[in-house]
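*Asks:* The structure's right below; bear with me while I get my questions together.
We did not get these values from a lab; they are worked out from the coordinates using the rules stated. Everything quoted here is computed from the prediction, not taken from an experiment. Note that we place each Cβ from the backbone using ideal geometry, even for glycine, and neighbour counts take in every protein chain shown.
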Amino acid sequence: MSIPPNTLNLSWTQRRKLTGLLFVLPTVAFVTVFFIIPLLMTVYMSFHDWPLFGERAFTGLKNYSELGKDRQYLKSLDFTFRYTLLVTPPIFALGFILASLVRRNLRFIGIFRTIFFLPVVIGLGVSSLLWVWMLDDRIGIFNKILLDLNLVPKAQLFLGRPNTAMNVIILSVVWKTVGFTMILLLAGLQAIPDELYESAEVDGAGYFRKLFYITLPLMRRFIALALILSVIGSVLAFDQFYIMTRGGPRNSTISIVYWIFNNSFTYFKMGYGSAMSIVLLGILVALTGAQFYVLRERE
Amino acid sequence: MNLRKVLFILSLVALVFSALPAAAQDEPIQMTMWVRAINFQTQELVDQWNANNDSQIELTIIPPGEFVTKMGAAVAAGDPPDIASIDLIYTPAFASAGQLVDITEYVRELPYADSLTPAHMNLGLYEGRNYAVPTAVDGSFIVYNIDLFEQAGLDPDNPPATWDEMLEAMRAINDLGDDIYGYWFSMNCSGCNAFTFLPFIWASGGDVLSEDYSEATIAEDPIVREALQFYNTIWEEGLVPEGASIDSGANFATAFAAGNIGMAGTGNFALSLYQNDYPDLNFGVFHIPGRDGGAASFGGGDVIAIPAGTEHVEEAWRFIEWTMSEEPQIEIYAANGQIPLRLELIDNPYFEGDDRQMIAASALAVGHTPVTPVYNDLFNDANGPWLEMLQIAILDGDIDGAIELGQERFTQIMEG
């Protein structure tokens, strides 16, 4: 056994601090290179007319002032928040139901937990393509079932109509992500000691009283985590729209990230795309802050 | 340090530098080339070049929808290919941004420079200098199913020449059966409809852009409205399959090949596909007509250019010049049903006696191509104003709303 000599001649506390610093250094370096520098770069670019190639020019706040005039940007903001509001409740309701179902450690319960969680493991791009095929009017399983049950007179173009396109995309995303919310809520459920329920039952509490006075309050932190992750994911949604509808029909499913992508890489307006990204970042920080505040642990 | 030492070192340096190019010559030049994935004969050109030359070309095929994005990113990252076959309508965007090598001096030395297809040469021209030459010529026209025409009692030797005649023919064919339709369009594909719907407007003397391409004329040109109404009628009367409304171009060429479609707008790229893969398909070709007659075509296809930043300009041009020479033009282009790039070579042994090829080639004479750096944003972008306008007018029937929206968004994009 050899302890390295204290060549730097440091005291024990100094050495401890140095060791701590060395341990976090990889993370600090990672965050700096992959988050802080790109973020500063984006801020810098947002003040410029920055084509993907060619001359760049400083334009001050022009990119930001143009945002208000961009009809599609406002439409995309509206769409993204409508989508978030519509997709979050089913994910939570279903996630909670599933978590309650697989909570007890019964025989073979692992199989069900695995089945419910499986879609989470598939990439969003892959699952979106899968749904495109399942929803197809000629070869899709959904139309086959609906036609065989005589529920529809002819094959439906689910992704071709604005109202159904949104609904089937929500359906696919709920299927894809509900397992993750289930796992988070399951952890919360299992953290609640059984004695609490038992004593409540002795006092004559029914299912809903137990739910509202024991389960939900004690799961607050887990719900907050699941909600914040889910809302951030929904606000940043892109893949499912890019793959399943290409923003259509009639440009009705262009999410905000989709519009940022289009401006940056199809119209080559990187500066403008950066400005939109910064605004979106601000919105997300505010939204997350608000959720933290509402769901904070009260003394 | 004395003079002799200095001279010695200098001569050493000179020796090393003079030896460098010689060393480079020993290694065969490796070049990269990009082309969009469409039915052009680029692979065969590259294979023949590689078999007969020291320099070697590695071909990368890129999905058409991704080409501008990928090329833009490669150029921005300073790592473009040595040779690029670019959808001709994007040439102004790349040339005006200084991303292509000026090849004016090379083009001047071509004895046949004047007979290269004018639309392509025109788009390769920026501020009086040449930046690209043609590599694939692709005009739009209409294909029609001769068997269905005969079954419906129509004269296949006299295909429709006006919009009304087209509608009548579609209705007659539609009546043949439940699964038989008069027409096909891919109404969720922006580029397909620039290629095949714009010519209906042009052939009637109208346009969506002013003559100098400086502003949108959607709202003021009555022909635009009538053309939208024409297509809206096709949709409302069920003369196209319902799935056409959401086809993003995957079935643009193949829908007609199924044999249950009376007519469809298409281009040269589809002719060789039908001839080679669907030998039983009995079809003819006619020009895209105007409302009361006339004809027009979208002069499409690819140009070939040398992206700025390559070290192999000389060798890249040697390849490009060879592709335009007579032998590959006849034995690779014409032999595979693709139109030669030089007008004097359209009369060739492979095209003789094939009316379809001759009509398709003659579409070039009425070919028209919008010249604007924002072409992609206006017409080709899947989320651009062109497709949205068409869908609202044709599928939703809101022609006024579509025209208003189209005019507004076109203007917004053109004003930058």
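*Asks:* Tell me, what is the percent relative contact order of chain B, built from C-alpha pairs under 8 Å that lie six or more residues apart? Walk me through the numbers on the way to the answer.
*Replies:* On the way: 729 pairs, mean separation 101.1, N = 416.
In percent, rounded to a whole number, it is 24.
*Asks:* Defining a contact as two alpha carbons under 8 Å apart and six or more residues distant in sequence, what relative contact order in percent does the range B:266-416 show? Provide the component values of the computation, followed by the final result.
*Replies:* Values: 114 pairs, mean separation 31.4, N = 151.
Normalised by residue count, the contact order of the range B:266-416 is 21 percent.
*Asks:* Next question. Taking the number of other C-beta atoms within 10 Å as the exposure measure, put B:Asp175, A:Asp239, B:Asp302 in order starting with the fewest.
*Replies:* Working: B:Asp175 10, A:Asp239 19, B:Asp302 26.
Ordered from fewest to most neighbouring Cβ atoms within 10 Å, B:Asp175, A:Asp239, B:Asp302 come out as B:Asp175, A:Asp239, B:Asp302.
*Asks:* What order do you get for B:His287, B:His368 when you list them from fewest to most C-beta neighbours inside 10 Å? Write out the running numbers ahead of the final one.
*Replies:* Details: B:His287 23, B:His368 16.
Ascending Cβ contact count within 10 Å gives the list B:His368, B:His287.
*Asks:* Neighbour counts of other C-beta atoms within 10 Å: give me B:Leu345, A:Leu284, A:Leu159 arranged from fewest to most.
*Replies:* Numbers: B:Leu345 18, A:Leu284 15, A:Leu159 23.
So the residues, fewest neighbours to most, are A:Leu284, B:Leu345, A:Leu159.
*Asks:* Mean 1/r over all different Cα pairs, inverted: what Kirkwood radius does chain A give, in Å?
*Replies:* Details: mean 1/r = 0.0430 Å⁻¹.
Mean inverse Cα-Cα distance, inverted, gives 23.2 Å.
*Asks:* Additional query: Measure out, as a whole number of angstrom, how far apart the alpha-carbon centroids of the range B:355-389 and the range B:270-346 sit.
*Replies:* The range B:355-389 and the range B:270-346 have Cα centres separated by 15 Å.
*Asks:* A further question on this structure: Please sort by residue number the trypsin sites (Lys or Arg not before Pro) in the range A:89-164 whose DSSP state is loop and whose Cβ has at most 10 other Cβ atoms within 10 Å. Intermediate values should be presented prior to the final figure.
*Replies:* On the way: sites: A:Arg103, A:Arg104, A:Arg107, A:Arg113, A:Arg138, A:Lys144, A:Lys154; in loops: A:Arg103, A:Arg104, A:Arg107, A:Arg138, A:Lys154.
When the trypsin sites (Lys or Arg not before Pro) of the range A:89-164 are filtered for loop state and at most 10 Cβ neighbours within 10 Å, A:Arg104, A:Arg107, A:Arg138, A:Lys154 remain.
*Asks:* OK, next. Among A:Lys69/B:Lys70; A:Lys75/A:Lys154; A:Lys176/A:Lys210; A:Lys62/A:Lys269, which pairs are too far apart, with a Cα-Cα distance over 22 Å? Can you show the working numbers first?
*Replies:* On the way: A:Lys69/B:Lys70 29 Å; A:Lys75/A:Lys154 32 Å; A:Lys176/A:Lys210 30 Å; A:Lys62/A:Lys269 13 Å.
Long pairs (Cα-Cα over 22 Å): A:Lys69/B:Lys70; A:Lys75/A:Lys154; A:Lys176/A:Lys210.
*Asks:* For the range B:152-244, what's the relative contact order in percent, using C-alpha pairs closer than 8 Å and at least 6 residues apart?
*Replies:* Working: 74 pairs, mean separation 25.7, N = 93.
The value is 28 percent.
*Asks:* If you don't mind, another one. Using Cα centres only, tell me the gap between the range A:263-292 and the range A:162-216 in whole Å.
*Replies:* Here the two parts' Cα centres lie 32 Å apart.
*Asks:* Now for a different question. What is the distance in Å between the Cα centres of the range B:56-104 and the range B:244-260?
*Replies:* 29
*Asks:* Right, next: Provide the convex hull volume over Cα atoms per residue for the protein assembly as shown, in Å³.
*Replies:* Working: hull volume 207.9 nm³, N = 715.
Enclosed volume per residue, from the Cα hull, is 291 Å³.
*Asks:* Here is a further query. Going through the range A:52-131, which chymotrypsin sites (Phe, Trp or Tyr not before Pro) have at most 15 other Cβ atoms within 10 Å and a DSSP loop state? Please report the intermediate quantities before stating the final value.
*Replies:* On the way: sites: A:Phe53, A:Phe58, A:Tyr64, A:Tyr73, A:Phe79, A:Phe81, A:Tyr83, A:Phe92, A:Phe96, A:Phe108, A:Phe112, A:Phe116, A:Phe117, A:Trp131; in loops: A:Phe53, A:Phe108.
In loop regions of the range A:52-131 (DSSP not H, G, I, E or B), the sparsely surrounded chymotrypsin sites (Phe, Trp or Tyr not before Pro) are A:Phe108.
*Asks:* What number do you get for chain B when its Cα radius of gyration is normalised by 2.2 N^0.38 Å, N = residues?
*Replies:* Values: Rg = 24.2 Å, N = 416, 2.2 N^0.38 = 21.8 Å.
Computed over Cα atoms of chain B, the ratio equals 1.11.
*Asks:* Turning to a different aspect of this structure: Mind listing which chymotrypsin sites (Phe, Trp or Tyr not before Pro) in the range B:111-200 are in a DSSP loop and have 16 or fewer other Cβ atoms within 10 Å? Kindly include the intermediate steps, with their values, before the conclusion.
*Replies:* On the way: sites: B:Tyr112, B:Tyr126, B:Tyr131, B:Phe141, B:Tyr144, B:Phe149, B:Trp163, B:Tyr181, B:Tyr183, B:Trp184, B:Phe185, B:Phe195, B:Phe197, B:Phe200; in loops: B:Tyr112, B:Tyr131, B:Phe185, B:Phe197.
Counting only loop positions with at most 16 other Cβ atoms within 10 Å, the chymotrypsin sites (Phe, Trp or Tyr not before Pro) in the range B:111-200 are B:Tyr112.
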